[in-house]
Structure formats: C-alpha cells, structure tokens
C-alpha cells in the first residue's frame, strides 16, 4: 500500500492558525495564516461568482508576481477550480486565443495589465481587477472564512500552464492537485527544505518553473515565500538579503544577468543555501558559486511531468544526473526508435561520437504526464509508441549519467555531421569577454546548416576577432565543425518571458540582422566584419541554389 496522495488544498488548510511569517513582498510580510485566510475568502467569492458545473471552472490569472497570485492558486485548490497562467508578453489575438482556448470564466488581472485587454473580444469572461476598491469590496463579505480542503481530490485539475510557443501556438499542459503536491514534496525530500526556509520566487508565476519548483515545495514544507514582481538582476541580492531567502529557482539566462551586475566585496554575505534550475551551464554555475558562495544545482524536469533527472553525488562535471526513481529514461534516435550508443570522450572531455550518441530523451516507463488541454495532436506527439518523448536532446555516458544537448529543434547538421547547440554553447561560454552566448543554425547555401553564435559582451569590452579566433583554437573539445561561421554581437540577448533565448527570432534574422556580424568566409581562418555587399553576394548564392526561402525559416 502506498502513502495517501495529498492535495494542494490540504496543504493550504494546514497553514490556518500558523502565525509565522509566510509571504514577503516589497517590504510587507503576511503570516501563513493571513495567506490561508485570503485564499479561503477568494475561494468563497469564486463559489458565488460561478454557478457549479460538472467541469471545474478555469480562472485566467494575468498578474505579475504579487501576493494575489499564490492566493488565487490556493483559492482554486480549495474551490476545485483550475488556474490558467496567462503570459503578459502575449499581445492581441494571441492573448485572446490563450484566454478563450482554455475556457476561462474569470480573468484576474491588475490595472497595469488592463491596456493589454483593450479591444479584445472575450465573451463570457468575468474580469476582476485586484488593485481596485471594487475588488476589495467584493472580498469583504468573505473575510474570516476558514479554508476547507476536504472536498478536494488529488485528481482535480489545478493548473493549465502554457509551454513555449516558439514552434507554433502554445500548448496548455495540465497539472492536477496530486501531481503538484507530490512534486513539491519530492523537492522537499531531495533538497531538505525546512519550515524556517524562505523561497525567493523571481521567475514569473505564469510559468511552471516558479509554481512547481519554487512555490510547491515551500507549501509542502510550510516554508515562507518571497515574491519579486518581475525578475531584476540588479535587485536580486538586495531582495535575497531583505527577505532572508535560502533558496531560489532560475531558468534560461537569469544567472548570466545576475553575474553581469558589478561585483562587490560583500557579494558572499547572503543567506542563500542553493539555487535550482536549468540552462545556467557549468561555466556560469562555477562563477556564481565563486562570487556568491552559493551552489547552483542544475536539474531537469519536463514541464509536463513526463521525465525527471536528479543530480546525485558523483555526477560528473557537465552532466545533469541520472533518471529519477521510477523513470526508465533512454536516449533514442527518433528516426529508428533505437537507443543511441553511449557517449565516448577524449581525455580532455571532448565528445567524440556526438552524431551517434545524441538523441531525444524518452521515458519508457510509467510517467505522470497528464496531457494538454483540448489538444489531442500534441498529446499523441508526446506519447508516441507508448513512450513519453520530451523533445529534448541528451547523450548518456557509459555509467548512465545524462548530459543535456538542447532542444530537438536546436540540432544543427554541418557537413553531414549532427551537432547540438548546447554543447557548442558550453564551450563558447568560456570566452572571458562574453557575458552571454547563444548558438543556433542558419542554413548553408548548399546543404545542411552553418553554425551561428550571438554573443553579448561584458561591459566596456569590444569584440576582438583575432582574440576570439585564438580562443577557439585553444579549446581542445571544440570539434572541427563546431566553430561558428557567423558571430552576431548583440547588446542584450533576446529572450522570452521566461528568460530563455528567443532562438526562433535569431534564426529568422540570421546574418541579415541589425547588429554587427563577423564571419569566416569559406577557406579562411580569420573572422572579419560582414559587409552589406557580402550579404548581397551570399543571398544571391542562396537564390541561385534554390535555398533563399530557408533564410527566413
């Protein structure tokens, strides 16, 4: 007999009469009890606003990271409703599509986001604006309501959060109360989260990372949370000190942005024990620990819950870890459905057989993937052949440790050799003048791809093509086909709302972009500035070979 599956509603109820500090926001502190009471009041309001239906109601939440966000997550759990995280960087028809596709009956927002809704047709959607007197008046009759988690079931739908829309319309992944509570408890057990801890939530709560990896473990452990309205690299350390944060999560380029802030002698004077996230990279993780005295744990978990990798003692440098208990993970060639051979390395760590060893990570065992909302095609793509396909590239060493190699659409094919963008990025990140690096494919004029890199330089540094070329020659694990043909110098790396590099935009612009581009013409070793005349000659070559349309793919 397994242990009883818990619900988020039960965890919320347990914070009633807990008068310890529970939520920090912009210098204000609410107790756990006040947060639970606020959730109960909102759940009662929701029950009166929406007549009961067989299917749980969906609430769109279009908010920055304010106290209203966790209160409405908790309220939805108590009321048997589901929260849809609405991305405030979406605009016009795309924003309306997200709200209507997920059948939101209520949209909770704030005055700062009201201009986003101007002109949108949202029939049947009730609007609640949290920072208004009308909203406060609506809640007043329900103050003092006690939370009751007993009606909730672990199978109740609680979250619909959109995955990246970089290759099409975003998909709304489903997460139940039981899965969220279990994910939170798993992280509590893995990282030893304590009641006296404070989790700093600076990643946007409309994204699964902040809710699943930051808020849920805090709730499961009875720890406090601290909210940052929007991520700020310059405000990071001041916030951490002010709220005595011990744990935070990150995604994408957030760590690089923090490292790009001016260093101070007292940077290590902070209460953090660890950070947990993805895509920081070994170079930046090492720099973060040296500067702030804080260990970053790179983890991996499919947003949809279908696969997870845990870091354990003995994990080699550069590896994420091994499969989490209960997962049967394999690295598979999508074309043949066969498992890829183990990776082999040179003595200095260069991957020798990337073309054969890199494949898509799949989970061949039972997994908690709960599907997408009203999207059977996307469900089927994830569940092919009875396996869960993550859409992420990995390779595995002979001891079973897994190494991240990028997204499936981050694979490059150069001179008939398959390369992974993340592998090249990890090497280029060692370039001391680089503050951020992104690698992506641009089409070759004849066949396959060429490697292009976008580089953000450290403050006060200019790009030195000779020094960069010498750096590349000195990297023992840089394969002969990995060196970038084109190098774009960007003032700030273009990112999505979750701080992930916006590779689609970079690929579409290619070498025809507003920023300075340096390149190595075929047969030459040195980089030189790409001129308008050379761009015209390149485009003419693509056109002559019938590949011009690929430049805007």
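The values are calculated or read from the model by the stated rules, or taken from the named source; none is laboratory data. Here the structure is a predicted model, which means the values were calculated and not measured. FYI the Cβ positions are ideal-geometry reconstructions off the backbone, even for glycines, and counts take in every protein chain you see.
The table below gives the values:
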{"item": "Candidate set: segment 31-50, residues that are buried (at least 19 other Cβ atoms within 10 Å of the Cβ) and out of contact with any helix residue (DSSP H, G or I) (no Cβ under 8 Å at 6 or more places or on another chain); chosen: the one nearest to residue 75 (Cα to Cα)", "result": "37"}
{"item": "Leading residue by the ranking (surrounded by the fewest Cβ atoms within 10 Å (Cβ to Cβ)) among those in segment 88-138 that are assigned to a strand (DSSP E or B) and touching a residue at least 24 places away in the same chain (Cβ under 8 Å)", "result": "126"}
{"item": "Test: residue 275 is over 30 Å from residue 379 (Cα atoms), touching a strand residue (DSSP E or B) at 6+ places or on another chain (Cβ under 6 Å) and modelled with pLDDT of 95 or more", "result": "yes"}
{"item": "Some residue of segment 402-418 being surrounded by 17 or more Cβ atoms within 10 Å (Cβ to Cβ), more than 22 Å from residue 332 (Cα to Cα) and in contact with a strand residue (DSSP E or B) (Cβ under 7 Å, 6 or more places away or on another chain)", "result": "no"}
{"item": "Where residue 312 falls short, out of the listed (1) surrounded by fewer than 17 Cβ atoms within 10 Å (Cβ to Cβ); (2) in contact with a strand residue (DSSP E or B) (Cβ under 9 Å, 6 or more places away or on another chain); (3) closer than 21 Å to residue 239 by Cβ", "result": "(3)"}
{"item": "Residues of segment 22-37 that turn out to be free of Cβ contacts under 8 Å to residues at least 60 places away in the same chain and part of a helix (DSSP H, G or I), as a count", "result": "3"}
{"item": "Residue match in segment 11-21 (condition: closer than 22 Å to residue 160 by Cβ, modelled with pLDDT of 95 or more and outside any helix (DSSP H, G or I))", "result": "no"}
{"item": "Subset of segment 253-292 (residues that are surrounded by fewer than 16 Cβ atoms within 10 Å (Cβ to Cβ), without any contact (Cβ under 8 Å) to a residue 40 or more places away in the chain and part of a helix (DSSP H, G or I))", "result": "286, 289, 290, 291"}
{"item": "Helices (runs of 4 or more DSSP H) wholly inside segment 176-246 that include at least 2 residues being within 30 Å of residue 4 (Cα to Cα)", "result": "177-191, 216-221"}
{"item": "Residue ID - farthest from residue 302 (Cα to Cα), chosen from residues in segment 364-393 that are at pLDDT below 90 and assigned to a strand (DSSP E or B)", "result": "393"}
